[in-house]
Every structure is written in C-alpha cells, then in structure tokens.
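Report on the structure given below.
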Amino acid sequence: MRRLRVKGIVFSGKREGSRFIGLPWVKRQIVEKLGFTPFPGTLNIRLTKEESRLKDSLEDAEAIEISPAKGFGRGRCFKAIIMRRLRCAVVIPEIPGYPEDVVEVTAAANLRKKLRLKDGDCLEIDVLLE
C-alpha cells in the first residue's frame with residue numbers, strides 16, 4: 001500500500017458536510033465501505049499550493065465510491081490517516097465548481113476536538129492508496 005502525504009490548512013466551511021454525512025444512505029455506505037460510523041460533519045482542509053495537485057494524483061487511483069441517491073452528487077473517498085495517528089477518510093465531492101484546492105475529511109470522531117484544531121492550523125494527511 002502506498003501513502004501520499006499531503007499538507008493543508010484547516011478552515012471553516014459552510015456546514016454542508018454535516019448535512020451530507022448525516023444522510024442515512026451516506027452514513028450507511030461509509031460504515032459498509034470504510035468501516036466506521038462517521039461523526040456528523042467533516043473537517044475542511046485547504047491544500048497548500050504545492051499540494052493542490054492532489055486531486056490530479058488521485059484521478060487514476062482506485063477510490064471508494066459513495067453512490068448518490070437521486071438528486072445528489074457522487075463522492076470519491078480514500079482511506080487515510082490524519083496527523084499520523086487517527087484513521088479517517090478523505091472525501092472528494094464530485095460537484096461542479098467544487099474548489100480544486102479543498103478536500104473534506106470524515107472520521108468516527110469530531111476531528112477538531114480530538115486533535116484540538118482551529119482555523120489556520122496546518123496538518124498532514126496520509127492518503128492510503130492500494
């Protein structure tokens with residue numbers, strides 16, 4: 001298994017991740033496909049300029065698909081480890097106009113509280129590629 005280490009900056013989002021993660025069909029697929037019950041929210045990460053090519057690097061990588069219900073966009077997930085210690089998943093929403101330099105991270109815990117993160121904090125994520 002390869003690891004792709006990326007760096008980014010924590011920032012507050014629009015709270016749309018919590019609505020999405022809270023949908024029963026999304027939650028069920030995360031439990032089935034990623035092996036954990038997600039905290040109802042995501043941690044928003046703005047990739048550094050050097051790391052903004054992450055999405056290009058993952059374009060051909062095998063993703064875990066979150067298949068949408070009618071009227072919703074698809075999401076691609078990758079198992080990951082945040083701050084070298086906590087299992088999580090990087091979520092890349094496939095929504096037109098979604099910023100290229102932003103990824104969302106979901107985990108079983110509230111990542112902000114668990115890792116004592118605040119807006120502007122820099123962190124590392126190891127994306128696990130098979």
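The values are calculated or read from the model by the stated rules, or taken from the named source; none is laboratory data. Here the structure is a predicted model, which is why all the values come from computation and not from measurement. As a convention, Cβ positions derive from the backbone with ideal geometry for all residues, glycine included, and neighbour counts pool all protein chains shown.
When you go through ALA61, ALA107, ALA89 one by one, which is the residue that is under 13 Å from VAL127 (Cα atoms) and crowded, with 20+ Cβ neighbours inside 10 Å?
ALA89
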Discussion item. Please verify whether LEU54 is under 24 Å from LYS114 (Cβ atoms), at pLDDT below 90 and not β-branched (Val, Ile, Thr), treating the condition exactly as stated.
Written reply: yes
Practice prompt. Could you tell me which residue of the range 64-78 is nearest to GLN29 (Cα to Cα), considering only residues that are at pLDDT below 80 and surrounded by 13 or more Cβ atoms within 10 Å (Cβ to Cβ)?
Written response: PRO68
Discussion item. List pairs: first residue in the range 17-44 and assigned to a helix (DSSP H, G or I), second residue surrounded by 14 or more Cβ atoms within 10 Å (Cβ to Cβ) and among the small types (Gly, Ala, Ser) anywhere in the structure, Cβ distance under 7 angstrom, at least six positions apart or on different chains.
Written reply: GLY17/GLY41; SER18/GLY41; ILE21/GLY41; LEU34/ALA89
Discussion item. Looking only at the range 110-127, filter to residues that are in contact with a Leu (Cβ under 8 Å, 6 or more places away or on another chain) and either surrounded by fewer than 16 Cβ atoms within 10 Å (Cβ to Cβ) or among the basic types (Lys, Arg) (or both); which one of those is farthest from GLU50 (Cα to Cα)?
Written reply: LYS114
Response to the item:
Here the qualifying pairs (Cβ atoms under 8 Å; residues six or more apart or on different chains; first in the range 107-130 and touching a residue at least 60 places away in the same chain (Cβ under 8 Å) and on the phi > 0 side of the Ramachandran plot; second among the β-branched types (Val, Ile, Thr) and in a helix (DSSP H, G or I)) come out as none
